[in-house]
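S.K.: Pasting a structure below so you can have a look.
Every number in this text was worked out from the coordinates using simple rules, so none of it is lab data. Computed from a prediction, not measured in an experiment: that's the story for all the values here. Neighbour counts are summed over all protein chains in view; Cβ atoms, including those assigned to glycine, are modelled from backbone coordinates with ideal geometry.
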Amino acid sequence: MRRRRNFTINPRSGVLRMLCMGTRLNGRRFCFFNPLLEITLGGTMNTNNQLVNAWIYLDEDEPGGTNYNSSDSCYQTLIRNNVYQPVDVLFICFVTTTPTNKSTVPVGNGSSYTIKMEDALHPEGLTNQDYMHNVIRDARKNNPDIKIAVTLNWGKSGNQISNIFSNSDYSSQQNADNFAANLMTYLKNYGLDGFDIDWESPISTQTTQEQFRLLVNAIGGQFKQETDKHYYLTLSPAEVGNLDATAVNENMDFVNLQLYSGFTSPDKFKGVTPELFAYGAKFESVSASQPAGYQTAQEAYQDNEKNYRYGIFTCWRLNSGNYEFEQTQQQLLYQLVFPTAATGQFHGDRMYGAGNQYLVPNQVVCSSEERFVLRYQSDGNLVIYDVQKNNKAIWATNTDGQAAWRTYMQSDGNFVVYSSEGHPIWASDTAGHPDSKIIMQDDGNLVIYDKNDRPIWASDT
């Protein structure tokens, strides 16, 4: 998967210049649309490090009664629908701090603190620790470029940071240094890439500003010593209390502002370098009566464009009760930020169900001789055009007027058009034929073939 770290926007407006452009490889034409985006630029956007990130909360199983391995669980849809692919940094929630002992990482005698995954039991006896192992394994398999960090819990007693300084045999500085060293051991043990601090009450009130300064400086110093790779240190605040701006500026990679909290505003973070700010989006629903979510991807993107111009998004979250909506919005947001990213998409004159290959709006499948084009339009309609007859439309799903998202050749053999809310609005009704493929043929017929190359559906064109 391509990761664009230095993203620039071309502000020119224009029209679609070519119906199908590309090159040939192994005798096949690789086709794609190339519309020039009309974008109005305002303000200064942080374009040095474009990222689209997300949190995942391991305590919860959705739908209720499932566990990680259930085929219909929210964790399996992350894998099946390639949702880890549009995630740059995945924050696993939550860890807490604990005195070292014979079962912690690292082991110790209790004189210093480390972190551990919080305790929660799941169906069939699985734990959050099991879930963390599974998420790390599956996320990296689905997206080898993903970075995975853990987020420190803000709640409960709020003493997760202040406890680190509780050993009176050591100075405050030594307590902070000991924790930073233990944290690094933990991250390396599990192959993690960073540490995130969720900053809101009560942890923000139970931690003194001096403790915050010492700890962040110690962790930042530890991370800077590492030469094997970059370790991310991030802050995710809903409020300002007891923050030390200098420590933030000198050590944090970025600051995920919880802009959805209702009381988090950038102007309250006096002294923090604005270039560190990231847009905290929320796709989780506010209540059961509002299942569509607090925001859509489009709303978050437009709000950021209009009011903030931050280069980084971090989204809460991927796995609540409306996980289907959340996961869809994560994918949509990535498309908005990286409109040319090709995550799991097809190439050529055919799409394979085995890869869950899909079309995004304004993308096409070209017949090998380039006469017939299947186009997924931005109005939501899927249309076959005859190029030699002045691009005459010869077949359509008649799904225009629906906000477009993706058209999938699914692994179950079904060819499905989905709306922007993740709902199917048209299907070939060919489920039950795994490993099928769909081909835009040179005779103008769009045909689905099963794994034995028998036709099971056709557009009859």
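S.K.: Calculated from DSSP H runs of 4 or more alone, at -39500 (n - 2.57) each and per residue, what is the 222 nm mean residue ellipticity of the chain, nearest 500?
M.R.: -6500 deg cm²/dmol, from helical runs alone.
S.K.: OK, next. Dipole size in debye (nearest 20) for the chain around its Cα centre, Lys and Arg Cβ +1, Asp and Glu Cβ -1?
M.R.: Details: 36 positive and 49 negative charges, 280 e Å.
My answer is approximately 1340 debye.
S.K.: Right, next: Counting pairs of alpha carbon atoms under 8 Å apart in space and at least six apart in sequence, what relative contact order in percent does region 345-458 give?
M.R.: Relative contact order for region 345-458 comes out at 24 percent.
S.K.: Here's a follow-up. Taking the Cα centre of region 345-458 as origin, work out the dipole magnitude from +1 charges on Lys and Arg Cβ and -1 charges on Asp and Glu Cβ, in debye rounded to 20.
M.R.: Dipole about the Cα centre, nearest 20: 80 debye.
S.K.: Out of region 226-331, which GluC sites (Glu not before Pro) are coil in DSSP terms and have no more than 12 other C-beta atoms within 10 Å?
M.R.: Of the GluC sites (Glu not before Pro), the ones in loops of region 226-331 whose Cβ has at most 12 other Cβ atoms within 10 Å are Glu226.
S.K.: Would you be so kind as to identify all helices of the chain, as entire DSSP H runs, whose Cα atoms reach 18 Å or more along the helix's own axis and whose mean Kyte-Doolittle hydropathy is at least -0.5?
M.R.: 209-225
S.K.: Can I ask one more? What Kirkwood hydrodynamic radius, in Å, does the chain give when the mean of 1/r is taken over all pairs of distinct Cα atoms and then inverted?
M.R.: This gives a value of 23.9 Å.
S.K.: Any idea how far apart Thr273 and Asn159 come out in nm if each label point goes 7 Å out from Cα toward Cβ?
M.R.: 3.6 nm
S.K.: Something else now. Quick one: which residues, 5+ away or cross-chain, put their amide H under 5 Å from the amide H of Leu152? H built at 1.01 Å from N.
M.R.: Amide H neighbours of Leu152: Val95, Asp196, Ile197, Asp198.
S.K.: Hey, what's the Kirkwood Rh for region 73-204 if you take every pair of different alpha carbons, in angstrom?
M.R.: That comes to 15.9 Å for region 73-204.
S.K.: Here's another thing I want to ask about it. May I ask you to list the residues of region 304-333 whose amide nitrogen lies under 19 Å from a point 7 Å from Cα along the Cα→beta-carbon direction of Asp138?
M.R.: Those under the cut-off are 316-331.
S.K.: Moving on. Plugging the Kirkwood radius over Cα pairs into Stokes-Einstein for region 345-458, at a temperature of 10 °C and a viscosity of 1.306 mPa s, what D comes out in µm²/s?
M.R.: The calculation lands on 115 µm²/s.
S.K.: Run the numbers for Ala427 and Thr461: contour at 0.36 nm per residue of separation, minus the present Cα-Cα distance, in nm.
M.R.: 10.5 nm
S.K.: Pairs of Cα atoms under 8 Å, at least six residues apart: use those to get the relative contact order of region 51-337, whole percent.
M.R.: 19 percent
S.K.: Mind putting a number on the dipole of region 255-338 about its Cα centre? Charges go on the C-beta only, +1 for Lys and Arg and -1 for Asp and Glu, and I need it in Debye to the nearest 20.
M.R.: 220 debye
S.K.: Another question, then. Tell me, what is the percent relative contact order of region 158-238, built from C-alpha pairs under 8 Å that lie six or more residues apart?
M.R.: 44 percent
S.K.: Can you sort Ser73, Ser171 from fewest to most other Cβ atoms within 10 Å of each residue's own Cβ?
M.R.: The fewest-first ordering by Cβ neighbours comes to Ser171, Ser73.
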